[in-house]
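The values are calculated or read from the model by the stated rules, or taken from the named source; none is laboratory data. No experiment lies behind these values; they were computed from the predicted model shown. Because the Cβ atoms are built from the backbone with ideal geometry, glycine has one as well, and the counts that use them run over all protein chains shown. Note: areas computed on protein heavy atoms with side chains; ligands, DNA, RNA excluded. Shrake-Rupley method; radii C 1.70, N 1.55, O 1.52, S 1.80 Å.
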Amino acid sequence: MRDDSLFSAPTRAGALVVLRRVAQSYASAPLPEWDVLARSVVVTTSGARERIALPGKVAIILRGHVKLTSTQGGQEVVEQFMGKGDVCAPAIRPSWAERTGPPLSLSRWFGAAWSVPVLDVTALTRVTLLQLDFRVAEELAARHAAWGQVQSAFLWTYVDGLFSGARELREKDVATRYRALMSRRGLIGVATQREIASYLNATEAALSRIVKRIRSLEDPE
């Protein structure tokens with residue numbers, strides 16, 4: 001859900017124009033009742049290190065960086081870093097998820113509740129977000145098939161991001177993942193070494209050694 005013209009002037013009016021164009025790209029028919037969704041859209045700004053509440057919201061990052069975290073054993077664990085152009089939907093659930101369990105999944109087989117976590121969002125820098133109400137999109141999807149396709153795109157984006165992160169953790173060593181993270185997210189000087197180590201599932205000491213080794217290879221002098 002990326003359109004660079006969305007980021008040139010992140011005003012509500014401008015964002016709505018581009019959002020409509022982007023949303024339409026996921027639908028096989030014109031999107032009716034656009035004004036209903038448009039009324040739920042806001043553009044917000046948060047300061048660096050500010051916690052951002054996004055219950056039931058889909059947010060597109062217009063400017064800045066955020067981290068998504070969970071709490072495990074009383075400790076904060078960084079699950080993902082996100083920046084300009086990313087779609088952030090860490091606390092959305094279909095309405096039926098509140099009254100029933102997974103129908104066809106390992107979680108169901110194990111007798112567990114929904115296993116996709118609700119994550120906390122914290123701004124790493126000053127952040128501008130376009131936020132829309134997922135419940136409104138869901139209500140529109142119940143009335144119009146075209147909106148159902150857009151709603152699926154929001155949900156799929158979140159699930160695809162979780163899968164991508166899990167695959168990256170499984171397939172690459174820490175040094176390779178560190179290089180990839182730095183190259184695509186622009187986190188140098190934005191995220192702390194502790195946050196990066198948490199995301200990479202490494203200790204700060206181990207990450208320090210890896211960074212030192214990488215720098216020595218890149219600049220042997």
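Any residue at all in region 142-149 that's open to solvent by 70 Å² or more (accessible area, probe 1.4 Å), among the hydrophobic types (A, V, I, L, M, F, W, C), modelled with pLDDT under 80 and within 30 Å of Ser28 (Cβ to Cβ)? For region 142-149, residues open to solvent by 70 Å² or more (accessible area, probe 1.4 Å), among the hydrophobic types (A, V, I, L, M, F, W, C), modelled with pLDDT under 80 and within 30 Å of Ser28 (Cβ to Cβ): absent.
Within region 58-83, being over 12 Å from Leu124 (Cα atoms) and open to solvent by 60 Å² or more (accessible area, probe 1.4 Å) holds for Thr71, Gln72, Gly73, Gly74, Gln75, Glu76, Glu79.
Would you confirm whether any residue within region 152-161 is modelled with pLDDT of 90 or more and either of a type in the set (Asp, Glu) or closer than 29 Å to Val78 by Cα (or both)? Scanning region 152-161 turns up no residue that is modelled with pLDDT of 90 or more and either of a type in the set (Asp, Glu) or closer than 29 Å to Val78 by Cα (or both). Just checking, which of Ala166, Ala123, Ala112 is at pLDDT below 85, under 17 Å from the mean Cα position of the chain (by Cα) and farther than 30 Å from Ala29 by Cα? Every option except Ala166 fails the conditions. Residues in region 6-38 that are of a type outside the set (Phe, Trp, Tyr), on the phi < 0 side of the Ramachandran plot, in contact (Cβ under 8 Å) with a residue 40 or more places away in the chain and not in a helix (DSSP H, G or I): 7 in all. When Glu79 is tested against (1) at pLDDT 85 or above; (2) acidic (Asp, Glu); (3) out of contact with any helix residue (DSSP H, G or I) (no Cβ under 9 Å at 6 or more places or on another chain), just one condition goes unmet, and that condition is (3).
Comparison of Pro55, Pro102, Pro90 shows that the only residue that is under 27 Å from Val22 (Cβ atoms), open to solvent by less than 10 Å² (accessible area, probe 1.4 Å), at pLDDT below 90 and in a loop (DSSP other than H, G, I, E, B) is Pro90.
Just for helices (runs of 4 or more DSSP H) wholly inside region 171-219: which have at least 3 residues that are under 19 Å from the mean Cα position of the chain (by Cα) and exposed (fewer than 14 other Cβ atoms within 10 Å of the Cβ)?
In region 171-219, 174-185 are the helices (runs of 4 or more DSSP H) which contain 3 or more residues that are under 19 Å from the mean Cα position of the chain (by Cα) and exposed (fewer than 14 other Cβ atoms within 10 Å of the Cβ).
Screening Ile61 on (1) at pLDDT below 90; (2) in contact with a Lys or Arg (Cβ under 7 Å, 6 or more places away or on another chain) shows it passes everything except condition (1).
Considering only region 8-28, state which residues are within 18 Å of Gln149 (Cβ to Cβ) and open to solvent by less than 40 Å² (accessible area, probe 1.4 Å).
Here is the first cut: in region 8-28, the ones within 18 Å of Gln149 (Cβ to Cβ) are 19-28.
Answer for region 8-28, where residues must be within 18 Å of Gln149 (Cβ to Cβ) and open to solvent by less than 40 Å² (accessible area, probe 1.4 Å): Leu19, Val22, Ala23, Ala27.
Every listed requirement among (1) modelled with pLDDT of 80 or more; (2) open to solvent by 30 Å² or more (accessible area, probe 1.4 Å); (3) within 27 Å of Ser183 (Cα to Cα) is met by Val43 save one, (3).
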